[in-house]
1. Mind checking which residues of region 33-66 are closer than 17 Å to Leu149 by Cα and in a helix (DSSP H, G or I)?
2. Between a residue in region 84-107 that is within 15 Å of Glu119 (Cα to Cα) and any residue that is among the aromatic types (Phe, Trp, Tyr) and part of a strand (DSSP E or B), which pairs come within a Cβ distance under 9 Å, given they are 6 or more apart or on different chains?
3. Quick one: would you say Asn426 is more than 22 Å from Ala300 (Cα to Cα) and modelled with pLDDT under 85?
4. So, in region 17-70, of the ones that are of a type in the set (Lys, Arg) and at pLDDT below 80, which residue ends up surrounded by the most Cβ atoms within 10 Å (Cβ to Cβ)?
5. Among Lys222, Lys218, which is the only one that is of a type in the set (Lys, Arg), under 19 Å from Tyr280 (Cα atoms) and in contact (Cβ under 8 Å) with a residue 40 or more places away in the chain?
6. Filter region 93-129 down to residues that are within 19 Å of Cys63 (Cβ to Cβ) and of a type in the set (Lys, Arg) and give me whichever is surrounded by the fewest Cβ atoms within 10 Å (Cβ to Cβ).
7. Out of (1) of a type in the set (A, V, I, L, M); (2) part of a helix (DSSP H, G or I); (3) surrounded by 15 or more Cβ atoms within 10 Å (Cβ to Cβ), the odd one out for Leu81 is which?
8. Mind telling me which of the residues Ser14, Ser34, Ser9 ends up being out of contact with any Gly (no Cβ under 9 Å at 6 or more places or on another chain) and of a type in the set (Ser, Thr, Tyr)?
Amino acid sequence: MALYLLFQSASGLSLFLAHGIDEIGEDIEVVRSSILDLKLFKNVVKIVGFLPFSSALSALKQCKKISKGMSTEELKNFLELNLPVVKEKKKPKFNLGVAEPKIGMQIFETTKIPCQSNELVLELLCGVRLHFHRFIKDLKEGDLEKSLLSLGHSYSRANVKLNVNEGDKMVIQAISGLDTLDKDITYSSARVRKLYSCHFPELEKIVNDDHLYAKVAKFVEKKEQLSGDKRPGLADILGDEGKADEIVEAAKASIGEDLSPANLIIVQQFTQRVLDLSKYRKKLYKYLVKKMNDIAPNMASLVGVIVGAHLISHAGGLSNLAMCRSSTIQFLGVKKVTFRASESGERTPRGGLIYHSSFIGRASAQNRHHVAHCLANKCTIACRVDCFSETKTNAFGKKLRKQVKERLDYYEKRLASRRKKIDAKNAAIDSIMNKDGERVEIDTQEASTKKRKRKLSEAVYS
């Protein structure tokens, strides 16, 4: 049975016939030894057809489709033109060797040409690749390398082309950096308290906030130098004149040890580090708020910037989160805790990252699971609107947040909630634009009144 070889290069499509296989057999070692010698390899393989690409754009399109295992119309016509005609109800007397099994299956589905991809075919294609410029008369040795380089650059540029809609990667990096900064600030603040409390232990009970404690420690330096002249400065830092007076009085009767100049330098360095990290954290948080309002405004309005960013980060992106069900979103972030609970026999958690939302904190212990389930359902809608909507607006997030509030009131205060999902959706759409395309705000009750006469078939989907 004859064996043909399909070879795609940067210059075009080519077809070879392995006519010397019957003489040398299918011994892989013999084939490998014949590859290095051009004369021996020409006795094994000869070219049958060659179809050059008309332009660089055509080469890029063919390369992208064939790399995905897709057959093209040009490839189909090229094979039908150069291969023997296969008669109906008869088995073909040849096989087509291809490098990738996927493209072979696609060719067989479209043309019924039998394809194979094995070690022998791969070795023969390696020889074809090595001596390809010798088979084409008009092709010089350096031309193939140039076309390969140009096609490689075009293919890579097309694959890694920046998508302006994929800003969720920046959100993932920003929330990861924010978490790291929180850990660093907590650790550095603890070091500042440990170091400075040896010198001024009374200050730790007066000032509870870590950021304010670092500011006061940097401002006071040595407690012996603290006098009534520094009270206005302390009042500006703390925002409370009573606490400033309390610090001055406590410094006079402090029982802490003296602080040496070397230790004072260390304390100042730690306090400056805490202040710098806190300042950078504020900037990073502002950037995160801006990015969340740009790519996921409805998620930010519904669950907040931090919780929404954590959900996007844990899912691996906004598109991945939009593909998740509400039950998956509800339990995002509890994988380790679930396995730990199942091993120890403890009670498994009922929620993950979504439990950090303010709605869960306001609900009682017996209703938290119900509120989390409702909130996860609304998050599914919000993230899908953010992902697939062309217009970026937080109108849906506001309406969904209002629905979650009503559900929370229903569980906590037993207030009846008659609002339907379809009414909230239509109210959000109406709040974005009216028939003339102008932005208007319509009350939800008015929108629900207008939709009461909706058909039963449409109301079923609510």
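1. Once the filter is applied, which keeps residues that are closer than 17 Å to Leu149 by Cα and in a helix (DSSP H, G or I), region 33-66 yields Ala56, Leu57, Ser58, Ala59, Leu60, Lys61, Gln62, Cys63, Lys64.
2. Asn95/Tyr4; Leu96/Tyr4; Gly97/Tyr4; Gly97/Phe16; Ala99/Phe7
3. no
4. For region 17-70, the residue satisfying everything is Arg32.
5. Working: Lys222 fails: under 19 Å from Tyr280 (Cα atoms).
After ruling out the rest, the residue left standing is Lys218.
6. Out of the qualifying residues, it is Arg129.
7. For Leu81, the failing item is (3).
8. Numbers: Ser14 fails: out of contact with any Gly (no Cβ under 9 Å at 6 or more places or on another chain); Ser34 fails: out of contact with any Gly (no Cβ under 9 Å at 6 or more places or on another chain).
When all the criteria are applied, what remains is Ser9.
The values are calculated or read from the model by the stated rules, or taken from the named source; none is laboratory data. Everything quoted here is computed from the prediction, not taken from an experiment. Cβ coordinates were reconstructed from backbone atoms using ideal geometry, including for glycine residues, and neighbour counts include every protein chain displayed.
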